[in-house]
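Undergrad: Below is a structure I'd like to ask you about.
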Amino acid sequence: MAISDDIKQLRKQLGLTQEQLGQKLGVAGRVVRRWEAKVHHPDPKYLAGLASLAENGGLHRLAYRFASTLIDELGLERLQLGIWSAQPAYEVVVSDFQEPYVQHKVYPDAPGLMLVTFRGPEAQNYARSFFETFGRYLYGSPQEKEQAKALLEPFHQAAFRAWKGSK
């Protein structure tokens, strides 16, 4: 299935017009029409937005397809990227244990999304443990969730400081 078909399917399953989907992503409805007509391909930041909208709408397969396309277009490995809801939307890059810094805002007016990329071998190992901890926060027992929340808080605070500094 082509990305244009995925966009159309997402829009229809969410019950949105092209204009409404465009508003959620911070683009005009004519841009969405061009994506669906295969005239243009969405930039990576909009693929991230589409993935977030699909995930928030419970359309996990579509979210995975948008995220997979994004990963391929950015030339990342699967373990280098995490996408989940956050408010407001932003991107954080972690490079070998340096404090996270914001590379760019993804799309300020759309539903929240945090796109995290890990670059370098030490950051890759950090990514594995980070996502394992995040998984315990989402799916663990109440005790595991509390422990994971405490472990994730410093990262969240560093990312938030970086985002505030970029505005």
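Undergrad: Taking only C-alpha pairs under 8 Å that are 6+ residues apart, what is the relative contact order of segment 3-74 in percent?
TA: Dividing the mean separation by the residue count of segment 3-74 yields 28 percent.
Undergrad: Roughly what would the spin-label model give for residue 157 and residue 28, points 7 Å off Cα along C-beta, in nm?
TA: Going by the 7 Å Cα→Cβ label model, 4.5 nm.
Undergrad: Once you sort the root eigenvalues of the Cα gyration tensor of segment 3-74 as a ≥ b ≥ c, which label holds: rounded (a/c under 1.5), prolate (a/b larger than b/c) or oblate (the other case)?
TA: oblate
Undergrad: May I ask you to compute the full-extension gain from residue 37 to residue 72, defined as 0.36 nm times their residue separation minus their alpha-carbon distance, rounded to one decimal in nm?
TA: Taking 0.36 nm per residue and subtracting the Cα distance, the gain is 10.4 nm.
Undergrad: Something else now. What distance in nm separates the two pseudo spin-label positions at residue 147 and residue 60, each 7 Å out from Cα along the beta-carbon direction?
TA: So the label points at residue 147 and residue 60 sit 2.4 nm apart.
Laboratory data are not the source of any read-out in this text; all were calculated from the coordinates shown. Please read these numbers as outputs of a predicted model, since none were measured by experiment. So basically every Cβ, Gly included, is an ideal-geometry build from the backbone, and we count neighbours across all protein chains shown.
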